[in-house]
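Engineer: Below is the structure I would like to discuss, written out as C-alpha cells.
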Amino acid sequence: MRKTTLALSLSLAAGGLGMAAQADEVRDPGIQGLYSADALLDADAYLMSDPDERIGDVEDVLLDDDMQVQALVIESGATLGLGGREIVLDNEHYRLDARTEEDGEPVYRLLVDASAEELGELPEYDRDWWEQARQNAAEAWESTREGAQSAWQRTRDAVSGD
C-alpha cells in the first residue's frame with residue numbers, strides 16, 4: 001500500500017493534476033510541486049464560482065498508461081455515502097487549493113470550474129463511460145502509432161533518395 005501511495009503521489013507530482021491555487025494568499029509554498037494522493041482522495045469539492053457551495057468529494061483519480069492524471073471522479077449528492085452520482089472531471093475543469101495544517105499534513109480543496117447546471121451535464125463515471133474512454137485511448141494510440149510509422153517511412157525514403 002505504501003509503495004502504491006508513493007508511486008501515485010510521485011506521478012501526481014510529475015505530471016498530473018494541473019493544480020494551481022486560486023489566489024496567492026492561499027498558496028502554500030511548502031507543498032507546491034508534490035501532492036499526496038491519499039490526502040486528495042476524499043478532499044471536499046466546491047464550485048469555483050461559489051467556494052462555500054460544497055458539491056461532493058474526490059472519489060477516485062484516473063491515470064493513463066504514462067501515469068499522468070487524466071481526470072478525477074467526484075461523488076456528488078451523496079448522503080451518508082449513499083445515493084450519490086459519480087461524475088468525471090477532466091483536468092481543465094478543476095483547480096486545487098493546497099494548504100498545510102499546523103501538524104504539517106496537506107489539506108486539499110477541489111475547486112470545480114462549472115456551474116451547478118453544467119455539473120449535471122458532466123459524464124457519469126459508470127461502465128459505459130469507462131468502455132468509451134478505453135476505446136478512445138486505444139484509437140488515439142493507434143492514430144499516433146500510424147502517424148509515427150508514416151513519419152519514419154517518409155524520413156527513411158528521403159534519406160535513401162526514394
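Engineer: Rounded to two decimals, what is Rg over Rh for the range 35-78 when you use alpha-carbon atoms and the Kirkwood radius?
Structural biologist: Ratio of gyration radius to Kirkwood radius: 1.03.
Engineer: Here is a further query. How many nm is it between the label spots at Q135 and E92, if each spot is 7 Å from the Cα in line with the beta carbon?
Structural biologist: The modelled label-to-label distance comes out at 2.3 nm.
Engineer: May I ask for log10 I(q)/I(0) of the range 55-141 at q = 0.21, 0.25 Å⁻¹, from a Debye sum over the Cα atoms as equal point scatterers with solvent left out?
Structural biologist: -1.11, -1.33
Engineer: Which FRET efficiency, nearest 0.05, do E121 and E101 yield, Cβ-Cβ r, R0 35 Å? Don't jump to the answer; show the numbers that get you there.
Structural biologist: Numbers: r = 35 Å, r/R0 = 1.00.
It comes out at approximately 0.50.
Engineer: Could you rank R54, R127 by how accessible they are, 1.4 Å probe, largest area first?
Structural biologist: The ordering from most to least exposed comes out as R127, R54.
Engineer: Now, a different point. Modelling each spin label as a point 7 Å along the Cα-to-Cβ direction, I'd like the D66/T144 distance in nm, to one decimal.
Structural biologist: Rounded to a tenth, the inter-label distance reads 0.6 nm.
Engineer: When the solvent-accessible surface of protein heavy atoms is calculated with a 1.4 angstrom probe, in what order do S115, S49 fall, highest first?
Structural biologist: Of S115, S49, the descending order of accessible area is S49, S115.
The values are calculated or read from the model by the stated rules, or taken from the named source; none is laboratory data. Predicted model only: the values in this text are computed from it and were never measured. All Cβ positions, glycine included, derive from the backbone under ideal geometry; neighbour counts span all protein chains shown. Ligands, DNA and RNA are stripped out before the accessible areas are found, and what is left, the full protein with its side chains, is counted by its heavy atoms. Shrake-Rupley method; radii C 1.70, N 1.55, O 1.52, S 1.80 Å.
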